[in-house]
Structures are given as structure tokens and as C-alpha cells.
1. Please verify whether A:T391 is surrounded by fewer than 20 Cβ atoms within 10 Å (Cβ to Cβ) and more than 11 Å from chain B (Cβ to nearest Cβ), treating the condition exactly as stated.
2. When you scan segment B:113-125, do you find a residue that is closer than 18 Å to B:L7 by Cα and without any contact (Cβ under 8 Å) to a residue 24 or more places away in the chain, even just one?
3. Checking A:C366 against (1) within 14 Å of the chain's Cα centre (by Cα); (2) more than 8 Å from chain B (Cβ to nearest Cβ), which test does it fail?
4. For segment B:371-383, does any single residue satisfy the condition of being under 18 Å from B:M272 (Cα atoms) and touching a His at 6+ places or on another chain (Cβ under 8 Å)?
5. Going through segment A:125-140 one residue at a time, which ones are farther than 22 Å from A:H395 by Cβ and crowded, with 24+ Cβ neighbours inside 10 Å?
6. In segment A:299-326, how many residues are touching a helix residue (DSSP H, G or I) at 6+ places or on another chain (Cβ under 7 Å) and of a type in the set (V, I, T)?
7. Kindly establish whether A:Q359 is modelled with pLDDT under 95, within 12 Å of chain B (Cβ to nearest Cβ) and farther than 30 Å from B:K350 by Cα.
8. Run down B:E331, B:E345 and say which single residue is at pLDDT 95 or above, in contact with a strand residue (DSSP E or B) (Cβ under 7 Å, 6 or more places away or on another chain) and among the charged types (D, E, K, R).
There are 2 protein chains.
Amino acid sequence: MNSLDHLFDSLKKAQARLELQTRHAKDNALRSVMAALDNAREDILAANRADVERARSGGMKEALIDRLALDSGRITGIIDSIDTIIRQEDPIQKVKAGWTMPNGLFIEQITVPLGVAAIIYESRPNVTVDAFSLAYKAGCAILLRGSSAALESNRTIVRAIKDGLSRGGGIADAVALADSGSRDEIDIILNARGKIDVVLPRGGKELIRRVVENARVPVIETGEGNCHIYVEPSADIGNAAGIIENAKLQKPGACNAAETLLVRREIAADLMPLVAQRLAGKAQLRCDERSKAAIGSVPAGLDLRDADDSDWGTEFLDYTLAVKTVDSLDEAITHINTYGTKHSEAILTKNLDSAGEFQRRVDAACVYTNASIRFTDGGEFGFGAELGISTQKFHARGPMGLEALTTIKYRISGSGQIRP
Amino acid sequence: MNSLDHLFDSLKKAQARLELQTRHAKDNALRSVMAALDNAREDILAANRADVERARSGGMKEALIDRLALDSGRITGIIDSIDTIIRQEDPIQKVKAGWTMPNGLFIEQITVPLGVAAIIYESRPNVTVDAFSLAYKAGCAILLRGSSAALESNRTIVRAIKDGLSRGGGIADAVALADSGSRDEIDIILNARGKIDVVLPRGGKELIRRVVENARVPVIETGEGNCHIYVEPSADIGNAAGIIENAKLQKPGACNAAETLLVRREIAADLMPLVAQRLAGKAQLRCDERSKAAIGSVPAGLDLRDADDSDWGTEFLDYTLAVKTVDSLDEAITHINTYGTKHSEAILTKNLDSAGEFQRRVDAACVYTNASIRFTDGGEFGFGAELGISTQKFHARGPMGLEALTTIKYRISGSGQIRP
């Protein structure tokens, strides 16, 4: 017996009941959670203020404080995200395929919940609600292991969720917060074979590495994004510059931001001055020799450096863009498949052959033509919310919505068949 | 650098090329492999004789020798299984879903190969060909790690496969045999993060446990089957006895054989005498008190024992059937979800409500009504062959054919969209 065994046990029992709920019942329970969070708004804000004060006096950086802090508008956004999940189709008990064998056996592949999920995440309290809502709609129980910095916020939010579930005819035990604050908790979760069906780490590189290295239960790796934009000679130059600016500047700390621009030799002299103008005063450029030369006269305020080879493998997560000149589509694809993290990659081109070859050969969760890679996101894909962005190939890939929390069961209907 | 790094590297490169092959090209290469195996028939038989002699003089049990030994008929069967895989649809570059977002982004979910697979398996040389053929058709490269007992057989078979691929315009480097015979090889494979995309252990409980416990790469757990047949009062008794006999006796060493019979109190006195007759002289019955009493006069030759609680959790893999009397559908489902291994479970009933509740609540890869559970098999499901039967919920479940070796990629087509 460890400190979490009673939670594992009650989550498993609750999941077995939740699995049998209709969409109607699950949606009603989620609507009741929306109301409960709205009612608990002042309590949540007070708890969050306590967390923020504690974090600030503990020396947390303001950028991280910003991720932790809630205000009434953010709470409204969190509540609204539940509504988008309510509006999604039920992912459970869908027939994915079905056929009849020559002996008359009728075989169907039916979607069922994955079971009990655990999410280990850092500061942001909105993850608490998003992860719970997706799990509940998918018929999964969920163990939430937030950061100690957000402990009071998460406790108050989870209390409101459970209250909403109880009032709305839902199953309150289908959600639990692991809140002892001890690091041992993470190890217990990572070793809970037979009790936890998937662990989702969501946070910085260090957390994800620790989880992936130590887990004995299935893990979905998320988040690391060394993403590229490759620009071909046929691309619309003005459009390309706009996409590059968006992919780099709109949210540089996100995993789907661009880290390296690959520019074809033939258009470097046309594109690079535009890129330099757009990013001057806003981001640092780390250019190879040819792309640097292609800029020509350096615009005022441009922070221009020489790239070195280590830049190609770096996820800056900052106002920094590496730039490399390539001689061919093949060179661009090879570079991406060598240095990329299989997250989001884009080609800007008007050439159909190039687009097809890029989308076929680049090994990544999301491969774009002529759009900003910042769209790699559950909300932008229409999933309502996301559990994270999977950078692995196994089980789930790309933005994870409800489908990532399902598996299948074969239902075989016979009339007395025996195997000859 | 370890001893397998050159293989990992050439498999990865070969897989990138194989991924781009058309179905036509892959099927032609597989047809050429069929011819090459046919040509190598005498060499394979000679190599297999050497393996069998070595195994026998090493004291291997005859039941295991039988799994290792090939004859010309078995080789024909192995070659024919390639043909059934050729006839399967290409699992790659299928559009699983597609939609357009309000901003005009067109998003498609496309199937792509999982990448490089590794299979770690015991004696049977047919697995060498089945695993290779499924992987090749799915666009995956495969590393084969057979048992040292089958080393000469596997070497000769893999040589023929590579020869067939070369002659048939295929990619010979997409298959490799790890043949040093050292146990270190397994540990290297289990730790090959970024080089191997999935490991499939196929063999005894001990092998699977070792792989699952130690792997740092994704694993699909296979094989353990503590499977049940539950008989309701409404079932056709004669039919039920036939299904029970088939599920227990047709191949008791298979993971999809029945281990425990759950019989409803109301029909125990009707069913048990028939079951006792069918199994007398063929299998041992381990009965609880009520099912034992229900047999009445014990038929000649029946090996009848008292069940103890440890029998409910035992996969006998033998001519042994545990029997328990239950008072309700709920008791049967609870028993199965407590002791089962989530493999294959059946209800025999004419009652629609019971069938629905059983199929919904039993947590297993394959849930049957009114048929023998021995049908849980890639061939019997129409998949041509199988990589094994997954008993996990993550990524693949039940008999694994081509689909288990695929993942998805999102293809996003834009016209200049940036994220606001």
C-alpha cells in the first residue's frame, strides 16, 4: 500500500461506472461543473492569490507567475472551454469498423475509454479543468498531479468540479488531485502498472524527460518542438514573410513556434530583406553566411548574429530565429528529418510536386503547406481543448483531444461457431 | 556505438525509402520473396534440421521441438501466408478523417508507417516470415530477434527474404536479423530510444514480463490469456457444451483457450453432466462445490478435482478447466474483470439484455456472444496473419495485423493563414 493506492482504487471503480454513462448524462454533469466553477469564482481567485503570493515570495519569475495567475476573465475562459467539450461528439461506443467472416461471425471494432489517466503538469490551473473535462467526456477517470506552486488553486478548482459532478448526477470520484506535494507521488504514479492506463506529462523538457525515462506505465510524450518553415522559390514572398513573422513572434514560448527558417538559395535575396524588416527590433536572427549576405543593408534595430551548428538542434522558445540557406527541397527535408522533433513543419510554395513530396517525406505530427505552424493546437484543430501535443508516434500523434483517451474493443457476435 | 547501431541505422534509412513505395511495388517485392523462399526450401529444411538436432541434444522438450521443426508442408504454409498479406489493402496513406476549419485550413488525418519495429520471439520460424511480411506491407522496417534455438533456420530464411526483395525491386535492408545470440542484444533493443519505434515480445510469460519491465521504447504486451466462458440459463445447452469443449480442447496451449467456465446456478445441473461427458478422459476439471455436485454421477475417466481460489487467477495453458458457479450476470462480469487478463471473454445466452451488458461491461480486447473464444486470431479475423494478440489498451488491442504498425500524420493545407 502506498499513499495513492486508495485514490487509484476509487478512480478505477468510478471509471467502470463512468464508462457506462450516456452522452446525455456526461454532458449534464459537465454543465453542472460549469455552474459550480462559476459559483466558486471568488474562492478560486482567493486561493490563486495565495498561490501567487507564495510563488512571488519564493522568487518565481514573472513569466511563470503569469502562467499561474488567474483573474475573472481567465476563469470565464476556463469555464467556456468546458462548453466546447460538451459540444463535441461522444467519442465512446462508436463503431470504427465492422465486417462478417465467411463462417458468419460478425466482428465490430468499438471505441471504449482508455481507462484511468494521470496528468503531471506545471503551473497553469486551466490545465486542471481542460484535462478533467476531456477525460470525463471520454469516459476516463483522471488523476491530476499539478505543481505545488498551484496547490491551493487546484484544490479549490477540484473541490468545485466534484461539487458540480455531485449536483449534476455525475460521478465525483472520477477525478482526484494528488496533493501531498511530495516528489514521491510522481514516482508512484509512474510505476502504477495495472492502475493507471496512461500518463501525460505536460510541462518543461526536464519534467517530460524524467517521466519518459522512469515510467513503467504508458506515457504520451509531449511538447518539444524544434519546428521549421521552408520557403521555396515559387512562394509568394510577402505572404511568406507574414507567415514567418507569425510563426516566430505570435507566441515564441509555445512548442509550435518556428525555430529555424530554411530558405532556398534562389529567393534568399528577395525574402531575407523582408524577414529582416519584419523581425528588426523584435527577434534575433542567427543566419548562415548566405542568408546573412542576402539581407543586404541591415535594418535599424536588427539583432543579427552568425549561426553555428548547435543552433539547428535548439528549441529556443524565445525571440530567436535561426536561418539556413538550402539548395534543394531534398536538402530541406533531410535537414528537418535530422534536426526536427517531429512536431510541426511547413513548406511555403506554389509548386504542387514540392508540396506533395514535402508532406509525404517529412516525418512530423503536423505537416503544413502555406500556413503558419502556430495552428498546431487542439482548439485550432476543432477539438475544443487539448491534453497536449504528442510528439511520439505511438497511440496518439499531434494535438490530443478526446480520441487520444480512447482505445478499441472487438465485439464478436456468433450463433454457436466453434473453431475447426 | 553498440553492436546493433549499424543495423538500427540501415533499418531507419531503408524505412524512409520503403515508406514511399506504392502498394504495387510492395506487393511485387513480397511475391518475389514467396518465390525466393520456395527456391530456398531445401536450404531452409537443412538449416532447420541442424537447429532441431542441436535443440534435441540440448534436451529441449518435444512439444517445443515441434514448434521449432519445419517440414515442406509447413514451409508451404508459411509462403501462403505471404499471399494472404499481399491481398490485404495497403494500410498506408489512407485518409482516416478530414475537415475544414472556419479559417479555411483543410486538415486531414493520414495513416503512415509506425517506423522501425523490433520483434523478440521464441522458437517458431514462421514468425520470422509473418512479422517481416506484415511489417513490409505496412511500410515498416523490422529487426528480428529470434531465439538462439532457431538461429540457423532464421538465418537461412532471412537470407532468402533479402534475396527475394533484391530480385523483386524491393528494399533488402528493411529487414535484419539480430543473430549474435547474446542476451545483451535484447537489452540494447529495449533501450534503443529514437531508433526503434515499437518492440513486440512474442513468447512465454517470462519473456514478456522481462521486456515490459525493462523497455525504454514503446512495447506492445501480448499473449497472456486467462479467458472465461460464462453460460446463462437461456443458452442452448448442447451448443454451449460444444463451445466449451472447443474453447478448452482445440488447442489448450494457446492464449485464447478457455481457462475457467462460469456457470449460472440455474442451469448447472443441466450443463455440467454434458461438460463432464465431453471432457472425460481429455481434460481435468477443477470445480467449486456447487458445479461438482451438479455433475451428478461422474463419467468414467473424468479427472475431477476441487478448485481452490488460486485456480481463478491461473492461465493453465493445459488440459485443465476451472469451473465456478455464479448466481448472477453481475457476479460473472465482476469475476472476469477481477481475474481476467483482458484477452477474450464469451457469454453464451439467448437473452439480449444480458449479451449487451456483458459486451459493454467486460473489459477485454475481444468480447464474444455465442461463439468459441478460439477465434481471437489475426487469420480468423481476416487480417491475413498476426504480429501477436495485444492484451494492452494502448496503441493496439486484440489481434494485431497491419493496422497495429501504422500511426497518423496530420496534413494541413492552407492558403496563407496566420494565427490571430
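1. On the way: surrounded by fewer than 20 Cβ atoms within 10 Å (Cβ to Cβ): no; more than 11 Å from chain B (Cβ to nearest Cβ): yes.
So A:T391 does not fit the description; no.
2. No.
3. Failing condition for A:C366: (2).
4. Looking only at segment B:371-383, we keep the residues that are under 18 Å from B:M272 (Cα atoms), and these are B:372.
Narrowing the set further to residues that are touching a His at 6+ places or on another chain (Cβ under 8 Å) leaves none.
No: zero hits.
5. Just the residues of segment A:125-140 that are farther than 22 Å from A:H395 by Cβ, to begin with: A:125-126, A:128-129.
Answer for segment A:125-140, where residues must be farther than 22 Å from A:H395 by Cβ and crowded, with 24+ Cβ neighbours inside 10 Å: A:P125, A:T128, A:V129.
6. 3
7. On the way: modelled with pLDDT under 95: no; within 12 Å of chain B (Cβ to nearest Cβ): yes; farther than 30 Å from B:K350 by Cα: yes.
It is false that A:Q359 is modelled with pLDDT under 95, within 12 Å of chain B (Cβ to nearest Cβ) and farther than 30 Å from B:K350 by Cα.
8. On the way: B:E331 fails: in contact with a strand residue (DSSP E or B) (Cβ under 7 Å, 6 or more places away or on another chain).
Of the residues listed, the single one that is at pLDDT 95 or above, in contact with a strand residue (DSSP E or B) (Cβ under 7 Å, 6 or more places away or on another chain) and among the charged types (D, E, K, R) is B:E345.
The values are calculated or read from the model by the stated rules, or taken from the named source; none is laboratory data. The structure presented is a predicted model; accordingly, all values stated were derived computationally and were not measured. Cβ: placed from backbone, ideal geometry, glycine included. Neighbour counts: every protein chain shown.
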